[in-house]
Amino acid sequence: MEPGDRQTTDHIVEMENISKRFGEVVALEDVTLRLRRNEVLALAGDNGAGKSTLIKCLAGAIRPDSGTIRIEGEEVHIESPRDAKRRGIETTFQDLAIAGNLTVAQNIFLGREQVTGPDSLLGILDKGSMRERARELLEDLNIDVDVDAKVSNLSGGERQLVSISRTLLSDPDIVIMDEPTSALSVEGADRVLELINQMQDQGISIILISHNLDYVRRAADRIQVLYHGHSAGVIDETNVDREDIVSRMIGGLPEEERGEGGQSEDAVSA
Ligand SMILES: Nc1ncnc2c1ncn2[C@@H]1O[C@H](COP(=O)(O)OP(=O)(O)OP(=O)(O)O)[C@@H](O)[C@H]1O
Ligand SMILES: [Mg+2]
């Protein structure tokens with residue numbers, strides 16, 4: 001996150017020609033996604049279009065069958081979610097990976113014990129300081145949830161907020177949010193929008209998946225549409241015609257953009 005190391009490439013993430021099958025199902029075929037430094041890139045697409053699969057390849061939860069991933073211009077093989085975190089990538093998954101029988105504070109620190117420190121010291125980080133750090137984090141984010149509450153007793157929306165807050169604990173470069181607002185009220189979703197803006201102000205680059213197109217248009221700098229595992233183009237202006245997004249979602253790449261491999265998003269340069 002140092003401002004100094006920001007000039008290597010325009011794109012903090014380049015995923016190129018990513019393909020992934022699950023048995024007979026082609027979840028992704030030759031999909032390219034490029035995330036510009038410090039932008040909010042939304043991923044839109046119908047159910048089953050491949051959005052979660054694509055971001056899971058970046059989050060280390062899925063290994064693509066083929067394709068390359070570059071971070072800061074350097075090719076990487078992301079082995080696991082922990083590996084992704086180590087590279088500065090934090091994710092809130094659609095299928096919330098949250099442990100119901102633990103407290104909010106324990107969830108925020110879950111799986112992070114060995115990641116944060118250079119030695120074993122943090123492995124024995126005492127409960128008191130984790131609890132205090134979790135409390136500060138939620139307070140900073142203006143999230144009104146008790147750190148000692150059992151997650152199983154929280155509402156779906158509160159869980160989503162906790163899950164989003166977790167991503168910010170490690171000062172990430174890249175945050176991926178897969179349907180972060182699906183269980184949230186209008187106010188909750190607005191809160192997350194503020195959080196997204198706050199993250200962007202801190203220099204974080206963000207990938208946002210949402211079915212709510214009006215939300216996506218408010219939050220994102222660019223919108224990439226997926227259609228049946230293929231890219232249906234990237235839309236540059238945030239005020240883009242809603243109909244245009246919808247027609248890409250249900251019909252794929254428009255006729256006039258075909259024949260360019262469907263990956264012409266960066267023809268218009270950054
Ligand atoms: N682990 C899996 N095993 C088998 N098939 C899978 C698996 N994960 C995803 N798929 C299939 O891959 C395709 C893409 O799924 P994916 O979850 O990426 O879609 P999505 O765009 O995130 O959809 P939604 O908007 O409903 O979340 C779907 O056909 C889905 O059934
Ligand atoms: Mg999904």
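Quick check on packing: order 56-65, 37-46 by the mean number of other C-beta atoms within 10 Å, highest mean leading. Before the final figure, lay out each step's value.
On the way: 56-65: 20.4, 37-46: 22.3.
Ranking the peptides 56-65, 37-46 by packing returns 37-46, 56-65.
Summing +1 for each Lys or Arg and -1 for each Asp or Glu, what net charge is found among the other residues whose Cβ lies under 9 Å from the Cβ of residue 65?
Combined, the nearby Lys, Arg, Asp and Glu give +3.
Please work out the FRET efficiency for the pair residue 129 and residue 26, using the Cβ-Cβ distance as r and a Förster radius of 41 Å; give the result to the nearest 0.05.
Calculated value: 0.30.
What distance in nm separates the two pseudo spin-label positions at residue 146 and residue 83, each 7 Å out from Cα along the beta-carbon direction?
4.1 nm
Kindly provide log₁₀ I(q)/I(0) values, in the same order as q = 0.09, 0.15, 0.16 Å⁻¹, from the Debye equation applied to equal alpha-carbon scatterers of region 3-266.
The computed values of log10 I(q)/I(0) come out as -0.40, -1.11, -1.25.
Stretched out fully, how many nm does the piece from residue 19 to residue 186 gain, at 0.36 nm a residue minus the Cα gap?
Stretched out fully, the residue 19 to residue 186 stretch lengthens by 56.6 nm.
Could you sort out which of 51/85; 20/56; 20/51 sit more than 18 Å apart by Cα distance in this structure?
In this structure, 51/85 lie more than 18 Å apart at Cα.
For the peptides 84-93, 250-259, 19-28, what is the packing order when you average, over each peptide's residues, the other Cβ atoms within 10 Å and list the highest mean first?
On the way: 84-93: 21.1, 250-259: 13.0, 19-28: 15.3.
Listed from highest to lowest mean packing, they are 84-93, 19-28, 250-259.
Give me the accessible area of residue 77, 1.4 Å probe, in Å² rounded to the nearest 10.
120 Å²
The values are calculated or read from the model by the stated rules, or taken from the named source; none is laboratory data. Not measured: the values here are computed from a predicted model. Positions of Cβ are backbone-derived with ideal geometry, glycine not excepted, and every protein chain shown enters the neighbour counts. Heads up: the accessible areas ignore ligands, DNA and RNA and are worked out on the full protein's heavy atoms, side chains in. Shrake-Rupley method; radii C 1.70, N 1.55, O 1.52, S 1.80 Å.
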